[in-house]
Structure formats: C-alpha cells, structure tokens
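As structure tokens, the structure follows; a few thoughts come after it.
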Amino acid sequence: MTNVIELPTPHPSNTVLKDEQVAPVKMIYCKISTLPKLFNVSKATCYRFIKEAEEMPEFKGRICVDVSATMTLVHIDTFVEFLRSKHKNICRRITTCKK
C-alpha cells in the first residue's frame with residue numbers, strides 16, 4: 001500500500017513571490033577559486049594560506065573538503081579562525097621582538 005501525503009495548497013502566506021522574501025543564507029563552504037574574492041587577496045596567497053593551515057595540527061583535515069578530483073571546498077569559518085590565529089602569532093612575535 002502506498003502512503004499518499006497531502007501537501008498544503010499554495011497560498012500567498014506560504015509561497016515565496018518576491019526576492020525580498022528569501023532569507024539570506026550563511027555560506028559555510030566555498031570553492032578555492034572564489035576564496036580570493038571573498039577575502040580580497042590573491043589566489044597565490046589563498047593557496048599558500050591553505051597549504052600552511054593543512055600543515056598545522058589544529059586545522060589539518062578541517063579546513064578543506066575534497067568533493068571530487070577537481071573540486072575542493074574550503075570551510076569558511078575554519079579559514080577565518082586560521083587567519084585570526086595567524087594574526088595573533090604575528091602580533092606575539094612583534095611584541096617579543098620589541099622587548
């Protein structure tokens with residue numbers, strides 16, 4: 001026996017009719033090729049940062065996901081976390097060098 005599911009009838013209260021009604025979605029992943037546009041840096045810098053992050057134990061395996069042989073997605077929040085840690089390390093080295 002087949003279960004038939006009764007769907008609600010379309011009505012203006014339960015239907016998206018305008019672009020303004022669509023809620024913005026928070027991006028979780030992005031392609032490596034779009035990462036430079038998102039952070040306003042060069043492609044070479046992005047690849048260097050990703051390679052550097054993959055070598056660090058706290059980011060290894062978390063920053064990138066290989067979806068296929070030709071597509072790698074970057075976890076945006078982890079990339080931001082890496083940039084913050086990189087910034088803190090640079091600030092720490094500058095303050096130690098000044099003393």
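Side notes on the structure shown:
- q = 0.20, 0.24 Å⁻¹: log10 I(q)/I(0) that the Debye formula gives for the chain, counting C-alpha atoms only: -1.01, -1.28
- GNM on the chain, alpha-carbon springs under 10 angstrom: the most fluctuating residue among PRO12, PRO57, PRO36 is PRO12.
- When shorter helices are ignored and each DSSP H run of at least 4 residues is given -39500 (n - 2.57), the per-residue value for the chain at 222 nm works out to -13500 deg cm²/dmol.
- Here the spin labels are modelled as points 7 Å beyond Cα on the Cα-Cβ line, and at LYS51 and THR34 they lie 2.5 nm apart.
- Cross-link partners for LYS31 among the aspartates and glutamates, with Cα-Cα distance under 14 Å and sequence neighbours closer than 8 places in the same chain left out: ASP66, ASP77.
Where a number appears in this text, it was derived from the coordinates with a stated rule and is not lab data. Treat the numbers as computed from the prediction; the structure is a model and nothing was measured. A quick note on method: Cβ atoms are made from the backbone with ideal geometry, for glycine too, and the neighbour counts reach across all protein chains shown.
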